[in-house]
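After the structure tokens below, expect a handful of questions from me.
No value in this document is a laboratory result; all are computed from the given coordinates. Nothing here was measured: the structure is a model prediction, and the numbers come from that model. Heads up, the Cβs are rebuilt from the backbone with ideal geometry, glycines too, and the neighbour counts pull from every protein chain shown.
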Amino acid sequence: MRNVIEANSLKLAYPRHEPVIKNATFRVETNQFVFVTGASGSGKSTLLKSMYGAMDISGGDLSVGGIDMRSISGSKLYKLRRHIGIVFQDYKLIKEWSVEKNVMLPLIIAGFPKDVCRAQAIKLLNHVKLSHKSDKYPMELSGGEQQRVAMARALAHNPFLILADEPTGNLDDYSSQVVWELLERANEELETTVVVVTHHIPEMFNAEYRHLMIENGVVYDIH
Ligand SMILES: Nc1ncnc2c1ncn2[C@@H]1O[C@H](COP(=O)(O)OP(=O)(O)OP(=O)(O)O)[C@@H](O)[C@H]1O
Ligand SMILES: [Mg+2]
């Protein structure tokens, strides 16, 4: 599959509201790293939600992983989501579960044996430099640490696509760096396609990345 995401004249509107996205036409190819920028309220989170099937499509076309998102529902959507990693603000860690079990969640859902889930969780917690916190509960972690756990969880099941909504918002420099490095590594080593909303594109991403910018409801394909 060459195009992981394909949007043609895509329109997105909340019920009884004017469209937030009036026109989006762009393609995201396999293994690309895409930044989405735009002012607050411009529709960045809305666009990301549509890629996860969490936003109805009001007009035009959108396909994700080769699947037509206009009519997707039920088991097909559930199946697609099992292959997408998300870091959304309203998709928090489960507070009754240990850090390790939180990271294991996507693998448990996918039906992997428990020892496989645990081994993968340990590996990922090591990547986000939180091995020493695996038995703790989310409330015992700082905001930055929790976000790094969320990052590890998003990557646990080797998704073909990661959707991250301001994954470094409110993080200090150290945690931000860990998050960016993890995303870059997933993109380079696992060929994961990454779409990330951010207010600031870090300098470590100098040349190869893609950039979509939203302004007045139009998604501009900057490069
Ligand atoms: N559930 C909703 N119902 C109606 N309108 C909504 C809903 N969620 C968001 N909106 C509106 O849609 C517009 C785009 O919101 P969105 O959350 O996509 O912006 P954003 O670019 O992610 O902003 P930010 O940078 O502040 O996160 C805003 O004007 C917002 O008020
Ligand atoms: Mg947002």
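Distance in nm between label sites at Y14 and S131, each 7 Å beyond Cα in the beta-carbon direction?
4.4
Another question about this same structure. Given C-alpha coordinates of the chain, what is the ratio Rg to Rh with the Kirkwood estimate of Rh?
Here Rg/Rh amounts to 0.96.
Based on Cβ point charges of +1 for Lys and Arg and -1 for Asp and Glu, what charge dipole magnitude is obtained for segment 177-223 about its Cα centre, in debye rounded to the nearest 20?
160
Based on the Cβ-Cβ distance of E140 and D173, what FRET efficiency does E = 1/(1 + (r/R0)^6) give at R0 = 22 Å, to the nearest 0.05?
In this case the efficiency is close to 0.45.
Once you charge only the Cβ atoms, +1 for Lys and Arg and -1 for Asp and Glu, what is the size of the charge dipole of segment 70-135 about its Cα centre, to the nearest 20 debye? The partial results should precede the final answer.
Values: 13 positive and 5 negative charges, 57 e Å.
Approximately 280 debye in magnitude.
Test of understanding: in a Gaussian network model of the chain with alpha carbons linked when under 10 Å, which of Q89, Q147, Q32 would top the mean-square fluctuation ranking?
Highest fluctuation of the listed residues: Q89.
Something else about it: Could you give the distance between the Cα centres of segment 170-193 and segment 104-131, to the whole Å?
Answer, in whole Å: 18.
At what distance in angstrom do the alpha carbon centres of segment 202-223 and segment 28-74 lie from each other?
15
Follow-up. List the aspartates and glutamates whose Cα sits under 17 Å from the Cα of K95, skipping any in the same chain fewer than 8 residues away.
Once the sequence-local aspartates and glutamates are set aside, what remains near K95 is D135, E140, E145.
If you don't mind, there's one more thing I want to ask. Do any of K101/K129; K49/K92; K49/K76; K44/K76; K49/K79; K22/K49 go past 23 Å between their Cα atoms, and which?
K44/K76
Taking the Cα atoms of segment 16-137, what is the range of coordinates along each of the three principal axes, in descending order and whole Å?
47, 32, 31
Could you work out how far apart the two model spin labels at R82 and N31 are, taking each label as a point 7 Å from the Cα in the direction of the beta carbon, and quote it in nm?
Calculated label separation equals 2.7 nm.
Can you tell me the dipole magnitude for the chain around its Cα centre, using point charges on the Cβ only (Lys, Arg +1; Asp, Glu -1), in Debye to the nearest 20? Don't jump to the answer; show the numbers that get you there.
Details: 25 positive and 26 negative charges, 170 e Å.
Roughly 820 debye, rounded to the nearest 20.
Taking the Cα centre of the chain as the origin and placing charges on Cβ (Lys, Arg +1; Asp, Glu -1), which of P202, S71, G144 is farthest toward the positive end of the dipole?
The listed residue farthest towards the positive side: S71.
Project the alpha carbons of segment 87-158 onto their principal axes and report the range along each, largest first, in whole Å.
30, 26, 21
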